[in-house]
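Below is one structure; the comments refer to it alone.
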């Protein structure tokens, strides 16, 4: 049997994803009850970071520890990924000593090449093209607050970035409608929209996307590595701020999410994170629970195949 990885949402079926979301909710409740659940004593996760991180590192490291295992943090200074040692060789060596690997890096090809030569499951903890772990947390949060997301209307407002690309895949897998409002020149690349016309559409303005939405999601205007474009982007995105006025156009029950860190006064208004329908803190915490469910799924699925 082939090794199962999680490089994009499409690596799992809709039923497998739903199983992980249900399990994540159980793990959240267990953790809140202070229940000790440590099925992975002696298991070690490698965490390779070529991009810096707060939530991703804390959630994976804490999660692996809570599951009874341990995690090794490797920064870009500690690894030779693509610098000197070929990725394929690094993957063979690193995976021979670990039980699971997560990678946060730039080019998506790095995680795919690593996974092709890994002996153990590989998790994409963010690349320039996809951020599937964040989607698990987002869907879990929606389900906990509002029930199934199937058939709902979701507005993505802002940069057509890796988060947006993962939302496009999520719309297909969870069967919701995605409206994407991005400034001209900042829309998702056509290759990420192709084949998803049935569930995702580009709309003309933030207002169009927000109208009657059940969930509004945004992200920073300039992601890591784009700081030099900050001023240009501020002008391009000025009509794409998520604020109380935009929320008023949405369904009264509409939730607001942001994967954080947020720049208050830019992509969100000053008090948007404290809006009565904002669930950003639950969403952030759910990175822990969703990723624990994912780790459990991948380790157990791959163990059962051997």
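The values are calculated or read from the model by the stated rules, or taken from the named source; none is laboratory data. Quick caveat: nothing in here was measured; it's all calculated off a predicted structure. Cβ coordinates were reconstructed from backbone atoms using ideal geometry, including for glycine residues, and neighbour counts include every protein chain displayed.
Here are some notes:
- Within segment 59-70, being in contact with a helix residue (DSSP H, G or I) (Cβ under 8 Å, 6 or more places away or on another chain) and part of a helix (DSSP H, G or I) holds for 59, 60, 62, 63, 64, 66.
- Of all the residues in segment 98-116, those that are in a loop (DSSP other than H, G, I, E, B) and over 17 Å from residue 298 (Cβ atoms) number 3.
Yes/no per residue for (1) surrounded by fewer than 19 Cβ atoms within 10 Å (Cβ to Cβ); (2) closer than 25 Å to residue 184 by Cα:
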{"site": "222", "(1), (2)": "no, yes"}
{"site": "228", "(1), (2)": "yes, yes"}
{"site": "240", "(1), (2)": "no, yes"}
{"site": "254", "(1), (2)": "no, no"}
{"site": "263", "(1), (2)": "yes, yes"}
{"site": "274", "(1), (2)": "yes, no"}
{"site": "278", "(1), (2)": "no, no"}
{"site": "284", "(1), (2)": "no, no"}
{"site": "295", "(1), (2)": "no, no"}
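- Among the residues of segment 35-58, those identified as more than 17 Å from residue 114 (Cβ to Cβ) and in a helix (DSSP H, G or I) are 55, 57, 58.
- Residues located in segment 113-128, provided they are farther than 12 Å from residue 100 by Cα and surrounded by fewer than 24 Cβ atoms within 10 Å (Cβ to Cβ): 113, 116, 117, 128
- Residues in segment 141-159 that are surrounded by 23 or more Cβ atoms within 10 Å (Cβ to Cβ) and farther than 14 Å from residue 21 by Cα: 154, 155, 156, 157, 158, 159.
- Here residue 221 fulfils each of the conditions (1) outside any loop (DSSP other than H, G, I, E, B); (2) at pLDDT below 95 apart from (1).
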